[in-house]
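One structure below.
The values are calculated or read from the model by the stated rules, or taken from the named source; none is laboratory data. Please read all numbers here as calculations on a predicted model, not as lab measurements. Positions of Cβ are generated from backbone atoms using ideal geometry, with glycine treated the same way; all protein chains shown enter the neighbour counts. Remember, those area values only see protein heavy atoms, side chains included, never the ligands or the DNA or RNA. Shrake-Rupley method; radii C 1.70, N 1.55, O 1.52, S 1.80 Å.
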Amino acid sequence: ELGFYYIGPVDGHDLENLIPILQNLRDSPSSKPIFLHIKTEKGYGYAPALKASDKMHGVGRFDVTTGRQQKPQGGPPTYTSVFANTLCELARQDPAVVGITAAMPGGTGLDNFGKFFPKRTFDVGIA
């Protein structure tokens with residue numbers, strides 16, 4: 001247990017059960033670190049998110065009916081695009097550079113890396 005007070009796994013979609021657990025933990029006199037293991041399904045109950053397993057983990061404005069994200073026009077490049085482009089450039093210069101993602105290649109920019117370096121791209125799943 002590594003000194004943690006462990007609770008779980010708890011169904012993160014069952015709010016009638018989850019909220020009292022959170023309140024009890026908040027009010028607990030224990031000084032031990034708390035590890036609350038909550039299991040959820042990304043996109044639970046929302047069809048556009050369920051259909052896009054690698055998208056909609058953290059989004060800006062979007063149309064609730066269609067799930068289509070409203071991308072801002074212009075502005076500076078995103079962190080993801082800067083990271084992906086830099087990683088690709090480094091990989092062109094150094095054959096030892098690889099890309100590792102945890103089941104989110106689109107959200108991390110490694111989908112782009114994988115197009116250019118498919119044998120150097122590894123998806124380890126949610127570990």
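Points worth noting:
- Whole-number accessible area per residue in Å² for the chain, which is evaluated in the context of all protein chains at 1.4 Å: 75
- Ligands, DNA and RNA left out, the accessible area of the chain computed with a 1.4 Å probe is 58% carbon and sulfur.
- The Rg/Rh ratio for region 76-127 is 0.96, where Rg is the radius of gyration of the alpha carbons and Rh is the Kirkwood radius.
- If the segment from SER28 to LYS115 were pulled out straight at 0.36 nm per residue, it would be longer than the present Cα-Cα gap by 26.3 nm.
- 5 angstrom amide H check on GLY99, placed H, neighbours 5+ away: THR121, PHE122
- Rolled with a 1.4 Å probe across the full set of protein chains, the surface gives ILE19 an accessible area near 80 Å².
- Remark: region 73-83, residue by residue, has Karplus-estimated 3J(HN,Hα) of 8, x, x, x, x, 6, 4, 4, 5, 5, 4 Hz, where x stands for each Gly or Pro and the curve is 6.51 cos²θ - 1.76 cosθ + 1.60 at θ = phi - 60°.
- Helices in the chain, meaning DSSP H runs of at least 4 residues, each add -39500 (n - 2.57). Divided by all residues, the mean residue ellipticity at 222 nm is -9500 deg cm²/dmol.
- Residue-by-residue Karplus 3J(HN,Hα) for region 28-35, coefficients 6.51, -1.76, 1.60, Hz, glycine and proline x: 5, x, 4, 9, 6, x, 10, 10
- Dimensionless Rg ratio for the chain, taking C-alpha atoms and the 2.2 N^0.38 Å reference: 1.42
- Each of THR65 and ALA96 was given a label point 7 Å from its Cα along the Cα-to-Cβ line. The distance between the two points is 5.5 nm.
- Estimated FRET transfer efficiency when R0 is 35 angstrom, pair TYR5-THR80 (beta carbons, to 0.05): 0.45
- Rounded, prolate or oblate (a/c below 1.5 giving rounded, otherwise prolate when a/b exceeds b/c) for region 40-115 by Cα gyration tensor: oblate
- Cβ-Cβ distance of ILE19 and GLU41, R₀ of 25 Å, FRET efficiency by 1/(1 + (r/R0)^6): the value works out to about 0.85.
- Axis angle, to the nearest 10 degrees, between helix 15-26 and the longest C-alpha principal axis of the chain: 80 degrees.
- TYR6 long-range amide H proximity, modeled H, under 5 Å: PHE35
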